[in-house]
Amino acid sequence: MRRIMLLALLALALPTAALANSISTGPLDFTKSFSNDRNFVSGISTTHPWDFTLVGTNGVTIMLSITHIAAGCGVGTSVNTCSIMGTVTASGPGVPSGFTDSIMNGMITRGVNITSNQQFVQSLTGDLPQTGSTLMIKTLTICTNANPPCANIGTGLRQFIGPNGSGTLNIPVTAVSEPGTLEGLLLGTGVIGLAGMRRKLKLGT
């Protein structure tokens, strides 16, 4: 009886595990990925957020708006980790339509400045509670001005620079449906039904 119940639980768990999906920008398109000029400045808030856009070569776009960053990451002379809050939206191939969520338990690790005009984000992580997802960004190099190798991409904007693939974002999301989900559910409930019938037969003898 116990073995049958374990098989039933396994059959029900398998389709659930198949719903986990990871969406990634992959290598970034650095001609389309940029930040506003609020990178690591004081006074970041809901009215003055630090916004940045990550566009992957695969067409996936991730947009973040950081509305709070704790003290400790303002200077890039050492590695420091600070808590953050904000929102994230995503679009592109494989991304659920209208994906948006708040960032909870967010952390950003700022590395040592690469040069006098290049800041470095080692990682940025956070939970996305409304969608049950998680956020991961890594290895972003941010220009602080238009001096070479950086370029002037517009007033109030800061360029991300390569090497290509230094910035990625992964968001595990719930898929709408996976092939085999219904079959797995029917299998699980069927095994449970057989277990109940077997018990009834034993009680009747």
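The values are calculated or read from the model by the stated rules, or taken from the named source; none is laboratory data. This structure is a prediction, so every number in the text was calculated from the model and none was measured. All Cβ positions, glycine included, derive from the backbone under ideal geometry; neighbour counts span all protein chains shown.
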### Query
If we keep just the residues of the range 1-28 that are closer than 27 Å to residue 160 by Cα and crowded, with 19+ Cβ neighbours inside 10 Å, which is modelled with the highest pLDDT?
28
### Task
Working carefully through the options 31, 57, 53, find the one that is loosely packed, with under 14 Cβ neighbours inside 10 Å and hydroxyl-bearing (Ser, Thr, Tyr).
31
### Residue that is farthest from the chain's Cα centre (by Cα) [pool: residues in the range 54-72 that are of a type in the set (Val, Ile, Thr) and assigned to a loop (DSSP other than H, G, I, E, B)]
57
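For every residue, the table says whether it meets (1) modelled with pLDDT under 95; (2) in a strand (DSSP E or B).
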site: 83; (1), (2): no, yes
site: 97; (1), (2): yes, no
site: 122; (1), (2): yes, yes
site: 136; (1), (2): yes, yes
site: 140; (1), (2): yes, yes
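For residues that are of a type in the set (Gly, Ala, Ser) and in contact (Cβ under 8 Å) with a residue 12 or more places away in the chain, scanning just the range 66-87, find the one that is nearest to residue 102 (Cα to Cα). Let's see the steps before the verdict.
First pass over the range 66-87, keeping only residues of a type in the set (Gly, Ala, Ser): 70-72, 74, 76, 78, 83, 86.
After this cut, where a residue has to be in contact (Cβ under 8 Å) with a residue 12 or more places away in the chain as well, the list is 70, 74, 76, 78, 83, 86.
Details: 70: 17, 74: 23, 76: 27, 78: 29, 83: 14, 86: 6 Å.
Ranking the candidates gives 86 first.
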### Message
Where the second residue is of a type in the set (Lys, Arg) and the first is in contact (Cβ under 8 Å) with a residue 12 or more places away in the chain and lies in the range 51-65, which pairs have Cβ atoms under 8 Å and are six or more apart or on separate chains?
### Response
51/38; 53/32; 55/32
